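Below: one structure, written as structure tokens.
Values quoted throughout were computed directly from the atomic coordinates according to the rules given, and no laboratory measurement underlies them. Everything numeric here is computed off the predicted structure, so don't read it as measured data. Here the Cβ positions follow ideal geometry from the backbone for every residue, glycine too, while neighbour counts run over all protein chains shown.
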Amino acid sequence: MEEIVFHHTLPIQLRFNDVDKFGHVNNTVYFSFYDLGKTEYFASICPGVDWEKTGIVVVHIEADFVQQIFSSDHIAVQTAVSEIGTKSFHLLQRVIDTKTQEVKCICKSVMVTFDLENHVSIPLTEDWIEAICNYEGRDMRKKK
């Protein structure tokens, strides 16, 4: 498998309520970090999308929690598309410590483009595919 290079990094500001009574970031909070990363990634890669009509929905998600995040840590979420199909794509994200570059958590998602007016999945447009491949610096289309 090809090594993923993360071109998109979003610094995350930890909030008081992100930390639980054990002094570390609660594992449920990581998914809000990943949502922020996804939102920023697609807003910058595909700026002309009408998000009132077209959406991206998660159909599968899994996370591996590698190390704890403490309230004093400086973190960022990194996002990359690793594979593109007709209606879906695979998103790889990770939370890193920005000072040490240690990986704190890894998340893999399968996302589907969705028509929000008709409530059905739709194919990715060629514009989206080209924009993502250009940004990532490689062609990630599934080989048939």
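Please arrange Leu14, Leu91, Leu116 by how many other C-beta atoms lie within 10 Å of their C-beta, fewest to most.
The order, fewest Cβ neighbours first, is Leu116, Leu14, Leu91.
Can you pull out the GluC sites (Glu not before Pro) in the range 22-112 whose DSSP state is coil and whose Cβ has at most 14 other Cβ atoms within 10 Å?
The qualifying sites are Glu52, Glu102.
With a sphere of radius 12 Å drawn around the Cβ of Tyr41, what net charge do the other residues whose Cβ falls strictly inside it have (Lys, Arg +1; Asp, Glu -1)?
Values: positive: Lys38; negative: Asp35, Glu40, Glu136.
My count for the surroundings of Tyr41 gives -2.
What do you get for the angle between helix 30-45 and the principal long axis of the chain? Use alpha-carbon atoms, 0 to 90 degrees, nearest ten.
Computed tilt is about 40 degrees.
Stokes-Einstein D for the chain at 37 °C, 0.692 mPa s, Kirkwood Rh over Cα pairs, in µm²/s?
205
If you fit an axis through the alpha-carbon atoms of helix 126-136 and take the longest principal axis of the Cα set of the chain, what angle between them do you get, 0 to 90°, nearest 10?
40
Counting other Cβ atoms within 10 Å, keep those with at most 16, restrict to DSSP loop, and tell me which chymotrypsin sites (Phe, Trp or Tyr not before Pro) in the range 1-99 are left.
Details: sites: Phe6, Phe16, Phe22, Tyr30, Phe31, Phe33, Tyr34, Tyr41, Phe42, Trp51, Phe65, Phe70, Phe89; in loops: Phe6, Phe22, Trp51.
Loop-located and lightly packed - Phe6, Phe22, Trp51.
Rounded to the nearest 500, what is the 222 nm mean residue ellipticity of the chain from helices alone, with -39500 (n - 2.57) per DSSP H run of 4+ residues and division by all residues?
-6000 deg cm²/dmol
Would you count, across the range 8-136, every pair of lysines whose alpha carbons are under 28 angstrom apart, provided the pair is eight or more residues apart or spans two chains?
The result is 12.
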